[in-house]
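This report concerns only the one structure given below.
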Amino acid sequence: MTTSSLPTAPAAASERSPRRIAFSSRLSRWDLKLSPYLYISPFFILFALVGLFPLVYTGYIALLKFDPILHTGTFVGFDNFVWVFQQRQFWIALRNTLTIFLLSAVPQIVVALAIAAVLDSNLKAKTFWRMGVLLPYIVMPVAVALIFSKLFSDDYGLVNHLLSFIGIAPIHWHTDTIPAQIAIATMVNFRWTGYNALILLAGMQAIPRDLYEQASIDGAGRFRRFFSITIPQLRPTLIFVIITATIGGLQIFDEPQLYDTGGLAGGSNQQWLTLTVYLHNVGWFQDGSFGRAAAVAWLLFLLIVLIGLINLAVTRRISNNENRRTS
Amino acid sequence: MNLSRRTRVGAVLATAATIALIATGCSAGGSSSGDQKVTLTLATFNNFGYTDALLASYHKAHPNITIVQKVAKTSDDAQTNLFTKLAAGNGLSDIEAVDGDWMPKVRQYPQLFTDLASADNKGRYAAYKTAGGTAGTKLIGLGTDVGPEAICYRADLFKAAGLPSDPAAVSKLLTGDWSNYYKVGAQFEAAKTGAAWFDSAGATFQGLANQYKNFFEKDDGTTVATTNPDVKSAFDSVLAASATQSAHLQEWTDDWAGGMAGGKFATMLCPPWMMGVIQGDSPKVTDWNIANAFPNGGGNWGGSYLLVPTQGKHAAEAKAFVDWLTAPDQQISAFKTAGNFPSQLAAYKSSALTGATNAFFSNAPIGTLFTDRAKAFADTGVIPFKGIKYGAIMGAVQNGLTRVEQGQQSAADSWTQVVSDIKALS
Amino acid sequence: MTAPILSPAAISGRPAKAARRRPGRGGAAAGMRPGFLGYGLLVAALLGAILPLYWAFLIASGDSSSLNDVNLPWWPGGNFLENAIKVVSNDRVSFFKAVLNSLIVSTVVSASVVFFSTLAGYSFAKLRFRGKQSLFIFVIATTAVPTQLGVVPLFIVMSQLGWTGTLGAVIVPGLVTAFGVFWMTQYLSTALPDELIEAARVDGANMFKTFWYIGFPAARPAAAMLGLFTFIATWTNFFWPFIVLDPSNPTLPVALSQLQANYFVDYSLVLAGVLLATLPLLLLFIVAGRQLVAGIMQGAVKG
């Protein structure tokens, strides 16, 4: 090992007095103990500055009948939560959030994984393909919404126009629940698939190549290697992608909000009303309902944590099993 | 108050040649000295017709005052912005534009806005405009524009249906009540031109809703939308007509815009600001025209206010500027730019307004036409009450109408859902 | 364990050729040429990415009637340059100031996110300390907080600090993100072998030097990607900058939104503006893209 070239701090320690050695070793003990906290502290300091107050504020007003302008409120306990649970639109929004999440996250991650696997192979013009799949991510979300709501408009949209060529009757993208949700999921997938593919690619490239060589020698085929080496080795990255896709997916706001600009966001029969859009409607467009919106926000938070934990458990189990099989 | 400043401001405004402004200018002034440079920020949305040239002309007359305009994309963005910064207690522009639709919510907080009333602006606006800007005893908003409704129509489609197509004849044809409008619609449909009579049930319902005093809410704010027989009968009658006469294209959707360009409907209820929308969405159509008529006489849709939040540092300057900006000459300039029709009664007498025509709408005499429509609305004597829940209730009813037009529900089922949605607003 | 990793080049943080682990050799997956299916998938993905954008370009190169034109031709009209000039020269948009502001904000935010996230990720992935697990879960949990209501309290915070209207109000909340910390933690947990850190410690390097010479180089590929993603996300961010910045001092999306402020919107101008605003990112792609690919290739530092 050529470790000698490492710049070493206490190189001249032997020439120092014992007292100074004691001091420097104490210093080094502090270094060892405190550094980890020091390194993560910027995040927590910033969170305390800009994140904590909004969180506490939201939690506090969820228990009030609250006027956000005058900052006055009367304590109502869990009344806001009770009200929310009684709302038909809340349950529809919950259902929509989950179905849009499934329609977007699942295909997105599967396709991203496949794209990443291809990108991980010995391609020509690597930069071109990598940047190409990331292209949608650089377009402003507002423009994406604009483009797709035009493409999916019922009478004049390009999608229905193209479908008519292959003899498919126009689909009611703005009336029927499932088509509307597919259109929204398409917007999400357009923007995020390439992004997730590159993240997964980075994870794949960190996998030691010897593992593949060994497996090759053992006669494992391409797919066998993918499932018995890539997937288990990719576990931390997969967890990251799944968790962030879950959180992002359940908080989906821009796409359903901008999908159709007629009336209150979410569709005439709440076909694509998601929880965030619902809480936005309640908070800003229903008078005196800021506390109720805060309650929806907290319920959404709990839902995300719950689904995140389920995801984590499932992911762990899957890749653990894979690990066991390979070892 | 600084006397020299008052005289100076008065003199400058006098040279601006608007009689209305002289007294207004005298009410200006404040703690700051005449030499101080002040930048006033003005927050609007959509298109208020305040061109950079217009704002620069104020700076020219008042070299110490510079105006910076911040324009929000949509009324919704402006609303979120306003309430966020009201809640934070700072960050608002010196002058904030507020849409008539959510003005009722803003009126709950008169203590946060400067009183803009002066001896001068008393009685200068249509009564309903002043009512909308008043909170308690305080005039917190000066009206920018009003939305007296006419009917925009496609002359080519009228011709194709064998109906008269010149504006005078069409105006005569459409003068009457709502059943007259639907009756002509039936005639139009019978000709089977392939186009519908109007765009959507929702848009038509808007026209009806603005003709009642207490349509959704009583004066004390109590919701009566679910029990008021007028609402139910408007809901039912619009849907009955919609079954045969509507293009089922919900307002503001992409298909609605496409339908306008593609000639999918022959008429639209048409406040003056709608002219810009129609031109923007169907720039290649040459056959749009405007009928000087509206079912049941008159109606008003839309119109905004300018407010001066107390959190700003230049209340006096801002107030003087708002007085100027909402004065007839500037309102007429905005009308010519963006179609926002003046709310000051004096403007209606100005030849600059009455001479206005619109080339896109077959040279329709929009100045006199909308002046007539504004009078017609004033003549109905109805000042629609819009309380804090008006917007949310309207949203629920509009959704209900759309559900029926989309074929998702029967009118009866949809109404049941409307009722439950409105009850959830309490 | 293999020695080349600790070559001077790797330690000094320069791209270490020796650290590359024979990309594209042997029977590893990385060495396989993609089959017909593989290329098919990529071509499909690329088409899916490009077609909607091409459609946007068609509109942007037309005039105000293009958007609702049912028979829009498949080849671009001749107005793109004209539309682009209209956007740039529109006084209300203050395009160049917005570009400069966006450059400042995006650069500062992405540099900061990369540094602090890597530092924190290294700590979470590789260092031992009490409460690590729960602090890490806390970091992830913070991203689950819905932001729709957060605007009001965040604005209150910013106005208390007196930062509203300044670029600081846009920069500071983004200086380090839970997302970045999470990503670097996950990446470093596989990409950086513990033995390397042990070796450096045994040699007496202090904690920060170990991070700087061992942790940071190992994190390079993921850090490059985090930097690129953060830059793009900051560049395209609209709502918070719209709320907190003045019209006279906007970022690009805020400036461009002025084009949409109308009852009728000339979408050929709006989309021309959007495409124009995307150009700097494309340049970044071309410059950073090579770096990024080099970075990823060099990523396999694990022995």
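Results, tabulated for the structure shown:
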read-out: Residue satisfying all of: in segment B:172-195; surrounded by fewer than 20 Cβ atoms within 10 Å (Cβ to Cβ) and among the polar types (S, T, N, Q); farthest from B:Asn289 (Cα to Cα) among these; value: B:Ser179
read-out: Any hit, segment B:119-136, residues being farther than 22 Å from B:Ala378 by Cα and of a type in the set (Ser, Thr, Tyr); value: no
read-out: Residue tally, condition facing another protein chain (nearest Cβ under 9 Å), among the basic types (Lys, Arg) and either outside any loop (DSSP other than H, G, I, E, B) or free of Cβ contacts under 8 Å to residues at least 24 places away in the same chain (or both), over segment B:376-426; value: 1
read-out: Residue in segment C:140-171 that is surrounded by the fewest Cβ atoms within 10 Å (Cβ to Cβ), counting only those that are within 7 Å of chain A (Cβ to nearest Cβ) and aliphatic (A, V, I, L, M); value: C:Ala141
read-out: Evaluation of B:Thr368 against (1) outside any helix (DSSP H, G or I); (2) not assigned by TED's automatic domain parsing to the domain that holds B:Leu112 (one fails), failing number; value: (1)
read-out: Residue check for B:Gly276: surrounded by fewer than 24 Cβ atoms within 10 Å (Cβ to Cβ), free of Cβ contacts under 8 Å to residues at least 40 places away in the same chain, within 11 Å of chain C (Cβ to nearest Cβ) and outside any loop (DSSP other than H, G, I, E, B); value: no
read-out: Identity of the residue in segment B:288-303, modelled with pLDDT of 95 or more and of a type outside the set (Phe, Trp, Tyr), that ends up nearest to B:Ala234 (Cα to Cα); value: B:Pro295
read-out: Enumeration of residues in segment B:118-134 that are of a type outside the set (Lys, Arg) and either assigned to a helix (DSSP H, G or I) or modelled with pLDDT of 90 or more (or both); value: B:Ala127, B:Tyr128, B:Thr130, B:Ala131, B:Gly132, B:Gly133, B:Thr134
read-out: Test: residue in segment A:69-91 that is within 30 Å of C:Ser257 (Cα to Cα) and either touching a His at 6+ places or on another chain (Cβ under 8 Å) or surrounded by 18 or more Cβ atoms within 10 Å (Cβ to Cβ) (or both); value: yes
read-out: Residue in segment C:95-105 that is without any contact (Cβ under 8 Å) to a residue 40 or more places away in the chain and either facing chain A (nearest Cβ under 10 Å) or touching a strand residue (DSSP E or B) at 6+ places or on another chain (Cβ under 9 Å) (or both) present; value: no
read-out: When residues of segment C:54-66 are limited to those that are among the hydrophobic types (A, V, I, L, M, F, W, C) and surrounded by fewer than 22 Cβ atoms within 10 Å (Cβ to Cβ), the one farthest from the chain's Cα centre (by Cα); value: C:Leu58
read-out: Residue within segment C:118-126 that is more than 7 Å from chain A (Cβ to nearest Cβ), within 19 Å of A:Phe240 (Cβ to Cβ) and in contact with an Asp or Glu (Cβ under 9 Å, 6 or more places away or on another chain) present; value: yes
read-out: Residue within segment B:83-92 that is among the small types (Gly, Ala, Ser), within 8 Å of chain C (Cβ to nearest Cβ), out of contact with any Lys or Arg (no Cβ under 8 Å at 6 or more places or on another chain) and touching a residue at least 40 places away in the same chain (Cβ under 8 Å) present; value: yes
read-out: Residues of segment C:80-93 that turn out to be under 27 Å from the mean Cα position of the chain (by Cα) and crowded, with 19+ Cβ neighbours inside 10 Å, as a count; value: 3
read-out: Qualifying residue in segment C:136-156 (condition: assigned to a helix (DSSP H, G or I), more than 30 Å from A:Leu302 (Cβ to Cβ), touching a residue at least 40 places away in the same chain (Cβ under 8 Å) and more than 16 Å from the chain's Cα centre (by Cα)); value: no
read-out: Failed item, numbered, when C:Phe216 is tested on (1) surrounded by fewer than 24 Cβ atoms within 10 Å (Cβ to Cβ); (2) free of Cβ contacts under 8 Å to residues at least 60 places away in the same chain; value: (2)
read-out: Residue among A:Asp210, A:Asp218 that is within 9 Å of another protein chain (Cβ to nearest Cβ), farther than 24 Å from A:Ile182 by Cβ and surrounded by fewer than 19 Cβ atoms within 10 Å (Cβ to Cβ); value: A:Asp210
read-out: Qualifying residue in segment A:134-151 (condition: free of Cβ contacts under 8 Å to residues at least 60 places away in the same chain, of a type in the set (A, V, I, L, M, F, W, C) and farther than 22 Å from C:Pro253 by Cβ); value: no
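Matching residues to (1) over 23 Å from B:Gln79 (Cβ atoms); (2) surrounded by fewer than 18 Cβ atoms within 10 Å (Cβ to Cβ); (3) charged (D, E, K, R):
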site: B:Phe377; (1), (2), (3): yes, no, no
site: B:Ala392; (1), (2), (3): no, no, no
site: B:Ala396; (1), (2), (3): no, no, no
site: B:Gln406; (1), (2), (3): yes, no, no
site: B:Ser414; (1), (2), (3): yes, no, no
site: B:Ile422; (1), (2), (3): no, no, no
site: B:Ser426; (1), (2), (3): no, yes, no
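Condition check ((1) assigned to a helix (DSSP H, G or I); (2) within 28 Å of A:Thr230 (Cβ to Cβ); (3) not basic (Lys, Arg)) across all residues:
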position	(1), (2), (3)
C:Phe179	yes, yes, yes
C:Trp183	yes, yes, yes
C:Gln186	yes, yes, yes
C:Glu195	yes, yes, yes
C:Ala200	yes, no, yes
C:Phe208	yes, no, yes
C:Trp212	yes, no, yes
C:Arg220	yes, yes, no
C:Ala224	yes, yes, yes
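The values are calculated or read from the model by the stated rules, or taken from the named source; none is laboratory data. Since this is a predicted model, take the numbers as computed values, not measurements. With ideal geometry, Cβ positions are generated from the backbone for all residues, glycine too; neighbour counts draw on all protein chains shown.
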